[in-house]
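S.K.: One structure follows; several queries about it will come next.
The values are calculated or read from the model by the stated rules, or taken from the named source; none is laboratory data. What you see is a predicted model, and the numbers here were worked out from it, not measured in a lab. Virtual Cβ from ideal backbone geometry, glycine too; neighbours counted across all protein chains shown.
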Amino acid sequence: MKTKSKSRAHFDFAWLGYLGFLGLLGFLSEPLRVLRIATLFCLFFLAPYRKNFRFFFQVVYYALGQIVAVCRVRGKLPGPGRYAQKTRYSLPFEGFWTVAGGGIDKENSHSWNVFNQRYAYDFFVKDENQITHKHDGKALEDYYSFGKVILAPADGMVIKAKDGIRDSPELGSVDLRARIFHGNFVVIRHAKGEYSHLAHFKKGSIAVKEGDKVKRGQIIGLCGNSGHSYEPHLHFHLQDRANFYFAIGLPVEFSDFVLKKQGQVQKVKSGYILKGQLVMRNSFSAGPA
């Protein structure tokens, strides 16, 4: 005698995440501010990742932190023309690096809808063929960025410094076992409400500790592949709080740099950089903060 197995309908909780968009109405209209709490429904988008607890916890904490941050600024995010930068920032490396991701508009942004990384940048070293590695790229040491010196972008004080996270050998994919998204990182306070965040340092390379005062151009570590990184590169952004998860990103104009385009070199006194550009710090005119 054959028995029919009853199949139970499976409900995908991730669909509840779309209710979180109701919360946006609360930020657009003051009478509807009570709907802001609905943004918490966005956490249901994380349901597919619940089996990886470490990753799941980080994403939940990150999402909550960004909701708190947006509420703190009442939805009025800083942007070019709406933010008065307090410090002169130099590019945090030597030689020419490619801006692999980042810009001041939605089209070029590193992560437009991730508010602390809206104006973030990813930097790589590439060869004349626009390749980031030699040989077959299967070893960390094949990558031109790996082990390159990373510099303090301006004078300041180290507020946070994290080391000890492995450089992921899983090139081409994110290391979901990483304890934190940004891997080994350094946060420097340059002025009230201005903190630079540099991430993905090589394990064991960070040369500063919390409480250290640093000068513009000082070596703070080496480029690596720690955290959520597909290949060795430098992540940089400016934020308004020391805590990565609860901060809002700030647009940053870099000072005294060299822009190389179609073989032509142009010196720039101050300006924003964009995805795809080849840039270098002009160390001879960086000057004091």
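S.K.: Do you know which residues across the stretch 94-107 are over 15 Å from the mean Cα position of the chain (by Cα) and touching a residue at least 12 places away in the same chain (Cβ under 8 Å)?
M.R.: E94, G95, F96, W97, T98 - these are the residues of the stretch 94-107 that are over 15 Å from the mean Cα position of the chain (by Cα) and touching a residue at least 12 places away in the same chain (Cβ under 8 Å).
S.K.: Please identify the pairs in which a residue from the stretch 234-255 that is on the phi < 0 side of the Ramachandran plot has its Cβ atom under 7 Å from the Cβ atom of a residue that is β-branched (V, I, T) and part of a strand (DSSP E or B), counting only partners at least 6 apart or on another chain.
M.R.: L234/I150; A242/I159; A242/V187
S.K.: Please specify each residue of the stretch 189-215 satisfying the condition of being under 18 Å from H233 (Cα atoms) and in a strand (DSSP E or B).
M.R.: Within the stretch 189-215, S196, H197, L198, A199, H200, F201 meet the criteria.
S.K.: Could you count how many residues in the stretch 26-84 are at pLDDT 75 or above and either assigned to a loop (DSSP other than H, G, I, E, B) or at positive phi (or both)?
M.R.: 13
S.K.: For the condition under 25 Å from L24 (Cβ atoms), within 18 Å of the chain's Cα centre (by Cα) and not assigned by TED's automatic domain parsing to the domain that holds V279, what is the one hit in L91, L77?
M.R.: L77
S.K.: Is it the case that some residue within the stretch 236-255 is in a loop (DSSP other than H, G, I, E, B) and over 18 Å from the mean Cα position of the chain (by Cα)? Show your work before the answer.
M.R.: Filtering the stretch 236-255 for residues in a loop (DSSP other than H, G, I, E, B) gives 240-248, 251-253.
Keeping just the survivors that are over 18 Å from the mean Cα position of the chain (by Cα) gives none.
So far as the stretch 236-255 goes, no, none of its residues is in a loop (DSSP other than H, G, I, E, B) and over 18 Å from the mean Cα position of the chain (by Cα).
S.K.: Scan A207, A199 and give me the residue that is over 29 Å from V73 (Cα atoms) and small (G, A, S).
M.R.: A207
S.K.: From L250, L198, which residue is in contact with a Leu (Cβ under 6 Å, 6 or more places away or on another chain) and not aromatic (F, W, Y)?
M.R.: Details: L198 fails: in contact with a Leu (Cβ under 6 Å, 6 or more places away or on another chain).
Of L250, L198, the one residue that is in contact with a Leu (Cβ under 6 Å, 6 or more places away or on another chain) and not aromatic (F, W, Y) is L250.
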